[in-house]
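Visitor: Take a look at this one; I'll ask things after.
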Amino acid sequence: MKVLVAVKRVVDYSVRVRVRADGSGVETANVKMSMNPFDEIAVEEAVRWRESGQAEELTVLSAGPDACQETLRTALAMGADRGIHLRVPDPGGALEPLALAKLLAQQVAREPVDIVLLGKQAIDDDANQTGQMLAGLLGWPQGTFCSAIRFVGEGLEVVREVDGGLEHLALELPAVLTTDLRLNEPRYVKLPNIMKAKKKPIEVREAAELGVDIAPRVQIIQVAEPARRTAGVVLNDATELVARLREEAKVI
Ligand code: AMP
């Protein structure tokens, strides 16, 4: 079984995000960047399949500027076999989910796999679209927000976290899966594995060569910080609260 995992380089989850002075987007210069946390979970899951012999090849793919190769190296240090960097030179680095889904569909057409595993969403755009769009383009079954994945016979059983509880789905392969937070806990990457990963292959391809129109379809008009919250006040009793709600907030 061959597995492809898509990993995105995003602003690290622990960084306090700042908006660029001109309001055109989020500041990424001199900011710590890391692998999207849901993608780390995806890599961990696929590495476990690789280690248990369920997967025979694990490829990781990242699309974007040259710095994406750092993210691929992390995935290789976690245990992936090889990386593919689909190069989209800066400043055209912001790829929309549809563009990425089309690139992944082209990649899968060139090098077939049994499972494409993605994060359920990227924490920078919070789009939660790429996996679903890819499944649509390929015409494959999809299991999104997976909190458990099991191989059963020739196919898969997945547990999905949905509003009403847990949904169990049986899927045939090939399939597209996206990971939720509770699927696993990604491993800590050890130094010897980081050294070994330096020797693993990363193939660099120009995204433009895949013949996909990746031009943005959405124009960002303005990005703004949320309004600052004002400090709270401590009231003496419920009577005062009711008076304030009536006279100041005018909500009752
Ligand atoms: P999104 O639909 O943007 O929330 O992203 C969902 C998932 O698609 C991510 O968790 C990644 O697995 C994958 N993905 C999105 N953008 C990229 C990218 N530029 N390179 C590789 N994978 C990506």
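The values are calculated or read from the model by the stated rules, or taken from the named source; none is laboratory data. Just so we're clear, the structure is a prediction, and the values are computed from it rather than from any experiment. Reconstructed Cβ throughout: ideal geometry from the backbone, glycine too, with neighbour counts over all protein chains shown. In case anyone asks, the SASA skips ligands and DNA or RNA and just uses the protein heavy atoms, side chains included. Shrake-Rupley method; radii C 1.70, N 1.55, O 1.52, S 1.80 Å.
Visitor: Could you please find all residues in region 120-175 being open to solvent by 70 Å² or more (accessible area, probe 1.4 Å), more than 16 Å from the ligand (Cβ to nearest atom) and under 22 Å from Gln107 (Cα atoms)?
Guide: Glu172
Visitor: Might you let me know whether region 91-101 holds any residue that is open to solvent by 50 Å² or more (accessible area, probe 1.4 Å), part of a helix (DSSP H, G or I) and within 12 Å of the ligand (Cβ to nearest atom)?
Guide: yes
Visitor: Does region 37-50 contain at least one residue that is farther than 15 Å from Leu117 by Cα and at pLDDT 95 or above?
Guide: No: zero hits.
Visitor: Take Val116 and decide whether it is of a type in the set (A, V, I, L, M, F, W, C) and either in a helix (DSSP H, G or I) or touching a Pro at 6+ places or on another chain (Cβ under 9 Å) (or both).
Guide: On the way: of a type in the set (A, V, I, L, M, F, W, C): yes; either in a helix (DSSP H, G or I) or touching a Pro at 6+ places or on another chain (Cβ under 9 Å) (or both): yes.
Criteria met by Val116.
Visitor: May I ask you to verify whether Val176 is closer than 20 Å to Arg50 by Cβ and modelled with pLDDT of 95 or more? Please lay out each step first, then the result.
Guide: Values: closer than 20 Å to Arg50 by Cβ: yes; modelled with pLDDT of 95 or more: yes.
In short, yes.
Visitor: Residue pairs, Cβ under 9 Å, 6 or more apart or interchain, first in region 26-47 and of a type in the set (Lys, Arg), second more than 14 Å from the ligand (Cβ to nearest atom). List them.
Guide: Hits for this filter: Lys32/Asp12; Lys32/Ser14; Lys32/Val15.
Visitor: Within region 1-34, count every residue that is more than 30 Å from Ala109 (Cα to Cα) and in contact with a helix residue (DSSP H, G or I) (Cβ under 6 Å, 6 or more places away or on another chain).
Guide: 1
Visitor: Answer yes or no as to whether Ala105 is more than 20 Å from Lys2 (Cα to Cα), at pLDDT 95 or above, within 14 Å of the ligand (Cβ to nearest atom) and buried (at least 19 other Cβ atoms within 10 Å of the Cβ).
Guide: No, not satisfied.
Visitor: What number of residues within region 213-250 satisfy the criterion of being farther than 30 Å from Arg20 by Cβ, open to solvent by 100 Å² or more (accessible area, probe 1.4 Å) and of a type in the set (A, V, I, L, M)? If you could, list the steps in order and put the result at the bottom.
Guide: Of the residues in region 213-250, the ones farther than 30 Å from Arg20 by Cβ are 232-250.
Applying the additional criterion that residues be open to solvent by 100 Å² or more (accessible area, probe 1.4 Å) yields 233-234, 236, 239, 246-248, 250.
Checking the rest, the ones that are also of a type in the set (A, V, I, L, M) come to 233-234.
Adding up the residues that qualify gives 2.
Visitor: Sort through Lys198, Lys190 and tell me the only one that's surrounded by fewer than 14 Cβ atoms within 10 Å (Cβ to Cβ), among the charged types (D, E, K, R) and farther than 30 Å from Ala99 by Cα.
Guide: The unique qualifying residue is Lys190.
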